[in-house]
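*Asks:* Pasting in a structure now, in structure tokens, and then I'll have a few things to ask.
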Amino acid sequence: MPTTNPAVFGRPSPTGEPETDERAGPEVVGERGRSDGTGNADGTATTAEAAGGRRWCMGTRLVVAAAAVWSAFLVLHVVLTGRWWVWFLVEAVPPVVFPAVPALLLLVVPLARPVRRWLAPLLVVLLVAGGYLAGVGPGWRGAAAPAGPGDAEVSVVSWNTDYWEMDDDPTAFYAYLRGKDADVYLLQEYLHWEGEGPIHIDRLARLREEFPGYEVVVEGELITLSRLPVVAVHSRPTPATDNGWYWQGAKAQRTDLRVGPDRVLSVYNVHLPVPFRVGDNPLSSRFWTFLAGQHDWWTRELDELRSDVAANPNPVVVAGDFNSPWLGSLIRIGDTTAHSPGEGPLPSFSWPLADYAVPRVWRLDWLFTTGGLSVPRYRFTDSAGFSDHAAQEFTVVVPGAEQAPHGG
């Protein structure tokens with residue numbers, strides 16, 4: 001049956017041959033017209049249909065774009081964390097965001113029908129990776145075997161005191177510490193603060209009164225109290241300037257303790273510098289200059305700690321405020337084992353408990369061990385309003401070491 005569709009055969013010519021318009025170019029007959037909303041009004045198909053597929057709707061494009069951007073961000077975060085000072089600011093993002101974003105994208109994947117078969121597996125991979133970075137899973141617990149015959153148990157409290165009873169009732173503050181009844185206290189921020197500078201304090205007489213039978217070791221803003229005999233103190237020399245004890249002092253205090261007749265346990269009391277000052281204007285040069293300086297300082301102190309731990313033949317406990325949520329996953333301390341409180345698969349958070357109007361979704365306080373030490377008990381406890389940091393309370397088992405007499 002002859003057709004009269006000029007879009008296909010053109011107008012009849014005097015010679016009987018169809019006449020075509022070369023300017024129009026070839027066209028393709030569509031199977032559907034305007035009736036179902038696809039194809040052109042005259043029945044021809046769109047270019048995307050002729051190629052065998054449809055154009056993605058706006059929702060699909062947005063989901064794919066979000067997955068691509070998040071994948072790129074995750075790769076950059078893994079590569080740059082701890083290595084580039086500008087990324088020091090990005091490292092403040094709470095780790096819970098990393099599983100949350102792919103989880104949210106998975107919820108809307110069914111709406112992106114053309115790509116959901118390959119996009120869903122990608123988002124599952126991103127979810128698993130983000131969960132690991134956020135501390136989800138049993139692999140974060142570390143060894144937790146209880147003490148056996150001949151093993152020594154040492155109870156430890158590590159806590160950032162938030163400027164050492166500067167704005168608190170001293171009697172209540174020391175009562176809170178005594179109530180922990182630990183063998184060893186690793187305490188940070190043994191100082192006061194005014195404006196932009198530290199203030200040196202001396203509370204040794206009060207500490208000896210409140211903690212009879214303990215040895216007290218002070219280095220800069222770090223203080224270690226121990227019932228166990230102190231066999232060695234490793235201090236860093238500091239310049240004899242007004243605040244040299246703080247700005248040039250060690251941010252990881254090492255104290256060697258006698259745990260058994262032939263066993264020495266090294267405890268490291270850590271407080272690494274903050275990345276930036278809350279309240280500074282990020283559009284100012286002061287903000288970025290401070291950020292670069294803090295990253296350099298933080299990295300140097302962490303490298304010093306890594307070197308000392310690597311050269312230490314004793315079993316080691318490293319605990320304190322690292323001012324980073326990425327320890328144990330993206331930032332390591334040599335061959336140490338990272339430990340996490342609790343018994344379930346979900347992470348625990350130590351900051352902030354006070355002072356900041358944000359949810360408690362960061363872990364800045366960490367515990368690491370070497371030498372086959374196990375940690376059968378470990379928890380974050382409330383600071384009773386004295387600090388914005390939770391206290392770390394844990395028990396360390398030193399294998400093959402009978403408990404030494406408590407020294408004074």
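*Asks:* Can you find a residue that is under 23 Å from residue 371 (Cα atoms) and either surrounded by fewer than 22 Cβ atoms within 10 Å (Cβ to Cβ) or in contact (Cβ under 8 Å) with a residue 24 or more places away in the chain (or both) anywhere in segment 243-251?
*Replies:* Yes.
*Asks:* Taking the stated definitions as given, is residue 227 in the same structural domain as residue 319 (by TED's automatic domain parsing), among the charged types (D, E, K, R) and closer than 24 Å to residue 82 by Cβ?
*Replies:* Criteria not met by residue 227.
*Asks:* Only residues that are within 29 Å of residue 163 (Cα to Cα), in contact with an Asp or Glu (Cβ under 7 Å, 6 or more places away or on another chain) and β-branched (Val, Ile, Thr): list them for segment 366-400, please.
*Replies:* 381, 395, listed by residue number.
*Asks:* Restricting to segment 265-316, and then to whatever is in contact (Cβ under 8 Å) with a residue 40 or more places away in the chain and small (Gly, Ala, Ser), can you tell me which residue is surrounded by the fewest Cβ atoms within 10 Å (Cβ to Cβ)?
*Replies:* Ranking the candidates gives 292 first.
*Asks:* Filter segment 386-403 down to residues that are under 23 Å from residue 213 (Cβ atoms) and buried (at least 20 other Cβ atoms within 10 Å of the Cβ) and give me whichever is modelled with the lowest pLDDT.
*Replies:* 401
*Asks:* While we're here: Looking at 291, 265, which one is of a type in the set (A, V, I, L, M) and in a strand (DSSP E or B)?
*Replies:* 265
*Asks:* Sticking with this one: Could you go through segment 175-195 and let me know if any residue there is buried (at least 20 other Cβ atoms within 10 Å of the Cβ), more than 24 Å from residue 317 (Cβ to Cβ) and touching a residue at least 60 places away in the same chain (Cβ under 8 Å).
*Replies:* no
*Asks:* Could you go through segment 351-365 and let me know if any residue there is in contact (Cβ under 8 Å) with a residue 60 or more places away in the chain, buried (at least 22 other Cβ atoms within 10 Å of the Cβ), closer than 20 Å to residue 255 by Cα and in contact with a strand residue (DSSP E or B) (Cβ under 7 Å, 6 or more places away or on another chain).
*Replies:* Yes, segment 351-365 has at least one match.
*Asks:* Run down 319, 338 and say which single residue is assigned to a strand (DSSP E or B), of a type in the set (Gly, Ala, Ser) and over 30 Å from residue 168 (Cα atoms).
*Replies:* The match here is 338.
*Asks:* Additional query: Among the residues of segment 139-166 satisfying the criterion of being modelled with pLDDT of 95 or more and assigned to a loop (DSSP other than H, G, I, E, B), which is surrounded by the fewest Cβ atoms within 10 Å (Cβ to Cβ)?
*Replies:* 166
*Asks:* Here is a follow-up. In the list 384, 357, which residue meets the criterion of being assigned to a loop (DSSP other than H, G, I, E, B), within 21 Å of the chain's Cα centre (by Cα), in the same structural domain as residue 172 (by TED's automatic domain parsing) and more than 29 Å from residue 152 (Cα to Cα)?
*Replies:* So the residue among 384, 357 that is assigned to a loop (DSSP other than H, G, I, E, B), within 21 Å of the chain's Cα centre (by Cα), in the same structural domain as residue 172 (by TED's automatic domain parsing) and more than 29 Å from residue 152 (Cα to Cα) is 357.
*Asks:* Looking at (1) in contact with a Phe, Trp or Tyr (Cβ under 8 Å, 6 or more places away or on another chain); (2) of a type outside the set (A, V, I, L, M, F, W, C); (3) surrounded by 14 or more Cβ atoms within 10 Å (Cβ to Cβ), which one does residue 200 not meet, given that it meets all the others?
*Replies:* Here residue 200 meets the rest and fails (3).
*Asks:* For the structure I just gave you, tell me whether residue 240 is of a type in the set (A, V, I, L, M), surrounded by fewer than 13 Cβ atoms within 10 Å (Cβ to Cβ) and either touching a residue at least 40 places away in the same chain (Cβ under 8 Å) or not in a loop (DSSP other than H, G, I, E, B) (or both).
*Replies:* No, not satisfied.
*Asks:* Let me confirm something: among 117, 113, which residue is surrounded by fewer than 15 Cβ atoms within 10 Å (Cβ to Cβ), part of a helix (DSSP H, G or I) and either out of contact with any His (no Cβ under 8 Å at 6 or more places or on another chain) or not aromatic (Phe, Trp, Tyr) (or both)?
*Replies:* Matching residue, one of 117, 113: 117.
The values are calculated or read from the model by the stated rules, or taken from the named source; none is laboratory data. Please read all numbers here as calculations on a predicted model, not as lab measurements. Because the Cβ atoms are built from the backbone with ideal geometry, glycine has one as well, and the counts that use them run over all protein chains shown.
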